[in-house]
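The values are calculated or read from the model by the stated rules, or taken from the named source; none is laboratory data. Source: prediction; values computed, not measured. In this analysis, Cβ positions are derived from the backbone assuming ideal geometry, glycine residues included, and neighbour counts consider all displayed protein chains.
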Amino acid sequence: MSISLYCTPTQLLLLSGNISGQKATIEEFRIIPLPGQAMINGVITDKDAMTRFLQEVMQQFGPYNQDAILVLESNNIRTKIMTLPRVRENKLLPFVQQDFGEISGSGDDIFDFTVLRPNPTEGGLEVLGIAAGKVLLQNYIDVFTAVGFKLKRIDVGSNALSKFAHFAPQLQSDSCILVHVDDVTLGITLFEQGFYRISQKYRLLNPPGTEERGREIISNISSMVQFQRSQRRNISIDAIHVLGVPSDAMPSFAEATRFLEIPLFTLSLDEQISLTGKAHFEQASFISSKYLYNLGAMMRK
């Protein structure tokens, strides 16, 4: 059983379960509101307050006292797709540092990477490079260690999404856009030929079910489509897959996106995700769009 933790600006999402291939068994999932002003833009601003709050909350559900994966998103974490020489993976880190402009690696950032695929046109390897501040990461490590978790890995949202493409069959071969909608956030991710290219996340300004929210979502989808077409890579988008939009709203949603001339589909994970343990006992409704980053972080390519 694995645990993944995903920090949003206002919530900590906890997911416990196992993923094997394209099947996930969910044992437990929880939404834990975070105290105001303890974290801003993915940066812990009051480590003591955050620790005390989570210690009190976890006493209600835990103790968990086990390894966990933490997923972070912050403007202070830099990600970049780069083409690097085709060398062994244990030789790639200096090239990642150099591409970020950090030659010596002795600054305030910690660097990591994920190999996405061989670059078919330019040669070399296509790599998702990651650079994050040491202090930012250490604050998270200190807080969650005090709460009872041992962080075996810290992941970032873009890498979790890149792995999610290997879980959802609809995303594996197509060039497509994944739209995932939550209560207050919209995520739009571009995959080309089954591989992650770029993602954007937006805070939705309008209430659910309103025409204004629909226009807001469609405007951002259109922007991603126009960005992809402007790249002139002779790759067309085959589909838009939507996660988190109610089924009764999909017909009007599809009609409103007809001008893009791209087929639109609901992305259902019901056959791939089963609820057991506490999740099954509570007969809770598992919202896959909300726990998308938790799921991706728990996957191995």
Across (1) assigned to a helix (DSSP H, G or I); (2) outside the structural domain of GLY157 (by TED's automatic domain parsing); (3) at pLDDT below 85, MET58 clears everything bar (2)
Set ALA239, ALA254: member being small (Gly, Ala, Ser), closer than 18 Å to LEU292 by Cβ and outside the structural domain of TYR291 (by TED's automatic domain parsing) | ALA239
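Are there strands (runs of 3 or more DSSP E) fully within segment 103-194 with at least 2 residues that are more than 30 Å from LEU264 (Cα to Cα)? List them.
Numbers: elements: 109-118, 125-133, 150-156, 176-181, 185-192.
The qualifying strands (runs of 3 or more DSSP E) are 109-118, 125-133, 150-156.
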Over segment 237-261, the set of residues touching a residue at least 40 places away in the same chain (Cβ under 8 Å) and within 26 Å of GLN22 (Cβ to Cβ) is ILE237, ASP238, ALA239, ILE240, HIS241, VAL242, LEU243, GLY244, VAL245
Could you please give the count of residues in segment 1-51 that are closer than 22 Å to VAL156 by Cβ and basic (Lys, Arg)?
-> 2
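With touching a Pro at 6+ places or on another chain (Cβ under 7 Å) and either surrounded by 18 or more Cβ atoms within 10 Å (Cβ to Cβ) or not small (Gly, Ala, Ser) (or both) as the only criterion, which of PHE100, PHE53, PHE61, PHE29 stands out?
Values: PHE100 fails: touching a Pro at 6+ places or on another chain (Cβ under 7 Å); PHE61 fails: touching a Pro at 6+ places or on another chain (Cβ under 7 Å); PHE29 fails: touching a Pro at 6+ places or on another chain (Cβ under 7 Å).
Just a single option satisfies the conditions, and that option is PHE53.
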Of the residues in segment 136-179, those that are under 21 Å from SER74 (Cα atoms) and among the small types (Gly, Ala, Ser) come to GLY157, SER158, ALA160, SER162
